[in-house]
Amino acid sequence: MPVSIKDLQDKAEEYHAWMIKVRRHLHRNPEVSFQENDTTEFVIGKLKELGIPAERPLKTGCVGIIEGKAKGIGRVIALRADIDALAMQEEGSHKKDFISQRPGVAHCCGHDAHTANLLGAAKILMDYIDKIEGKILLVFQPGEENLPGGGRLMCETGFLQDAGVEAIFGLHTSPVHAPGTIAVKSGPLMARPDEFEIELIGQGGHAAGPHLTVDPIVMAGDVIGRFQSIISRSVDPTEPAVLTIGKVQAGSTYNVIPEKALMLGTVRTFDRQTAMMIRDRMEQIVKGVAEGAGGSYKFAFNEGYPAVINDEALTMQLKKAAYGLIGEDAVLEMEKPIMAGEDFAFYQEHFPGAFFFLGSGSNDTGSTWSWHHPKYNVDERCFLTGAPLMAALGLGNVLTGA
Ligand code: NI
């Protein structure tokens, strides 16, 4: 007998309280990127309770391995959750029962929910161990929030490649979508976030004698102005791209021309070629301005995560499973990608993958605050959709829609 999506939904109801407890424990005890030691031990402990062995390809994080007992095609499917929290102070009386016990560290991006949700999916899947063909890898990944990205490091270990992973699925809670819904799209979903740092070096001196100086503030003004033409004049107008200068710093007082001006910012695109073209145009402009003024410059462009590009067939599989679970109207088709980044993209450089947004925002639980806001929260009803959906994706072809 194949498993039905209804069975998975019933199981999620049954395990809902368990998932909430897990999530609240994680929420109370957040750890920043690459220092998720207690979190890793906790997750391994929970997997052990479920009878799932875990490997540790990296110092923190782990991969739980469900070995199916059914004979059939030996598929290997990976389901991923990120486990790290942010270095920020949490706020909010609506979270008083489970607010962070660690000053300056908080789960304000929902990764506690991602982890609890995947453990919930694992608990559901273990009830169907006899139906599972092949393997399901539960990837609890560290360090999503900080470069170089735990997803990248996980891929560099070759662990998932050696295990023969054929497809990978991941999700992020979404404060702008209601619980009981998901949002997804095929193709480009999230941008490539690169970062740049520019130093314009002049020669300082008295503000009343500018002819004896090389003024880096004037250079900065030129650079800022000319950068505005990169997106409008050099990038293909049908392609989304952003260049934002987020910080400009120079000078100390009224009557001194400083030596240097510093600029930090980010470039968002959907492919590396465009990003590299923008980088080259930026450097040409900086060089032209600095040298033209008689100064010099330093230019650094740090490549961030690649773009999240969803595989078409897997997105279709995801949508079909979700139709059975929550109905077609609750599966929201995104018209446009978003310019935020996500290190799930690294997996997609190695395996076909699909990533989606799990609706977790409601007014009554104070969970409509944006990602990384000190009051960020998730409506825990999202587990009733997220856990059975992840379980369904793990089960793949042994699932029936009815
Ligand atoms: Ni996040």
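The values are calculated or read from the model by the stated rules, or taken from the named source; none is laboratory data. The structure presented is a predicted model; accordingly, all values stated were derived computationally and were not measured. Positions of Cβ are generated from backbone atoms using ideal geometry, with glycine treated the same way; all protein chains shown enter the neighbour counts. In case anyone asks, the SASA skips ligands and DNA or RNA and just uses the protein heavy atoms, side chains included. Shrake-Rupley method; radii C 1.70, N 1.55, O 1.52, S 1.80 Å.
Just the accessible area per residue of segment 192-302, please: how many Å² with a 1.4 Å probe?
Here the per-residue accessible area is 54 Å².
Which residue fluctuates the most in the chain, going by a Gaussian network model with Cα springs under 10 Å, if the choices are Thr238, Thr315, Thr157?
Ranking Thr238, Thr315, Thr157 by mean-square fluctuation puts Thr238 first.
Hey, what did segment 192-302 get for relative contact order, percent, Cα under 8 Å, at least 6 apart?
Relative contact order here is 44 percent.
Would you pull out the residues with amide H under 5 Å of Lys375's amide H, same chain only if 5 or more places away, H placed 1.01 Å from N?
So Lys375 has HN proximity to Glu91.
Treating the beta-carbon of each Lys and Arg as +1 and of each Asp and Glu as -1, no other charges, what is the dipole magnitude of the chain about its Cα centre, to the nearest 20 debye?
280
Which of rounded, prolate, oblate describes segment 326-402, given a ≥ b ≥ c as roots of the alpha-carbon gyration tensor eigenvalues and a/c under 1.5 marking rounded, otherwise prolate only if a/b is larger than b/c?
Judged from the Cα gyration tensor, segment 326-402 comes out oblate (a/c at least 1.5, b/c at or above a/b).
Using a 1.4 Å probe over the heavy atoms of the protein chains, calculate the carbon and sulfur portion of the accessible area of the chain as a whole percent.
51
Per the Kirkwood definition applied to all pairs of different Cα atoms, how many angstroms is the hydrodynamic radius of the chain?
22.7
What is the distance in Å between the Cα centroid of segment 164-187 and that of segment 256-295?
Cα centres, segment 164-187 to segment 256-295: 35 Å.
Among Leu384, Ile285, Gly353, whose Cα sits farthest toward the positive end of the charge dipole of the chain (+1 at Cβ of Lys/Arg, -1 at Cβ of Asp/Glu, about the Cα centre)?
Farthest along the dipole direction, towards plus: Leu384.
Using the structure shown, select from Lys46/Lys135; Lys185/Lys319; Lys185/Lys375; Lys59/Lys131 the pairs with a Cα to Cα distance greater than 21 angstrom.
Too far apart for the 21 Å limit: Lys185/Lys375; Lys59/Lys131.
Where in segment 314-344 does the label zone of Val176 land, with the point 7 angstrom along Cα→C-beta and an amide N cut-off under 12 Å?
334-340
Can you return the lysines within cross-link range of Lys260? Criterion is Cα-Cα under 27 Å, with same-chain partners fewer than 8 residues away left out.
Lys247, Lys287, Lys298
Need the full-extension length gain, Val248 to His206, defined as separation in residues times 0.36 nm minus the C-alpha distance. One decimal, nm.
Extra length from Val248 to His206 when fully extended: 13.0 nm.
Under a no-solvent Debye model with one identical scatterer per Cα of segment 322-364, what's log10 I(q)/I(0) at q = 0.15, 0.23 Å⁻¹?
The Cα Debye sum returns log10 ratios of -0.57, -1.04.
With Cβ to Cβ distances under 11 Å as the rule, what net charge do the other residues near Pro179 carry (K, R +1; D, E -1)?
Here the charged neighbours net out to -2.
Going 7 Å from the Cα of Lys298 along its beta-carbon direction, which residues of segment 197-213 have the amide nitrogen within less than 16 Å of the resulting point?
197-203
Along the Cα-to-C-beta direction of Lys71, a point sits 7 Å from the Cα; which residues of segment 106-135 have their amide N less than 19 Å from that point?
Inside the label zone: 129-135.
Which distance in nm do the two modelled labels at Arg28 and Arg102 give, with both placed 7 Å along the Cα-to-Cβ direction?
Each label point lies 7 Å from its Cα, and together they span 1.5 nm.
At 7 Å along the Cα-to-beta-carbon direction for both Ala17 and Asp38, put a label point, then send me their distance in nm to one decimal.
Result: 2.5 nm between the two label points.
For helix 5-28, report the angle its Cα long axis makes with the longest principal axis of the Cα atoms of the chain; keep it between 0 and 90° and round to the nearest 10°.
Computed tilt is about 50 degrees.
Separation between the Ser232 and Trp371 pseudo-spin-labels, each 7 Å from Cα along Cα→Cβ, expressed in nm?
Here the modelled spin labels are 2.9 nm apart.
May I ask you to compute the full-extension gain from Leu147 to Glu239, defined as 0.36 nm times their residue separation minus their alpha-carbon distance, rounded to one decimal in nm?
Net length gain for the segment: 30.6 nm.
Between Glu328 and Thr157, what is 0.36 nm times their sequence separation minus the Cα-Cα distance? Round to one decimal in nm.
Fully extending the segment from Glu328 to Thr157 adds 57.7 nm.
Name the residues whose placed amide hydrogens come within less than 5 Å of the amide hydrogen of Tyr297, ignoring near sequence neighbours (fewer than 5 apart) on the same chain.
Ile201
With the dipole of the chain worked out from charges on the C-beta (+1 for Lys and Arg, -1 for Asp and Glu) around the Cα centre, which of Val3, Met334, Pro175 lies farthest toward the positive end?
About the Cα centre, the residue reaching furthest to the positive side is Val3.
For the chain, find the longest principal axis of its Cα atoms and tell me its angle to the long axis of helix 37-49, 0 to 90°, nearest 10.
Once rounded, the angle reads 20 degrees.
Along the charge dipole of segment 179-306, Cβ charges K/R +1 and D/E -1, which of Ile257, Ser232, Gly205 sits furthest on the positive end?
Checking the options against the dipole of segment 179-306, the answer is Ser232.
How big is Rg to Rh over segment 192-302, alpha-carbon atoms, Rh as the Kirkwood inverse-mean-distance radius?
1.03
For Lys260, enumerate residues with amide H under 5 Å from its amide H, sequence gap 5+ or separate chain, H modeled in the peptide plane.
Excluding prolines and chain starts, which carry no amide H, the hits are Gly202, Gly251.
Which residue, Ile224, Ile182, Ile73, tops the fluctuation ranking in a GNM of the chain built on C-alpha contacts under 10 Å?
With Cα springs under 10 Å in the chain, the top fluctuation among Ile224, Ile182, Ile73 is at Ile73.
Relative contact order, percent, of the chain when contacts are C-alpha pairs under 8 Å separated by at least 6 residues?
Value for the chain: 25 percent.
Using only the alpha-carbon atoms, how far is helix 272-292 inclined from the longest principal axis of the chain? Give it as 0 to 90 degrees, nearest 10.
For 272-292 against the chain, the angle is about 20 degrees.
On a C-alpha basis, how far is the centre of segment 306-382 from the centre of segment 1-51 in Å? Whole number, if you could?
If you average the Cα positions of each part, the centres end up 19 Å apart.
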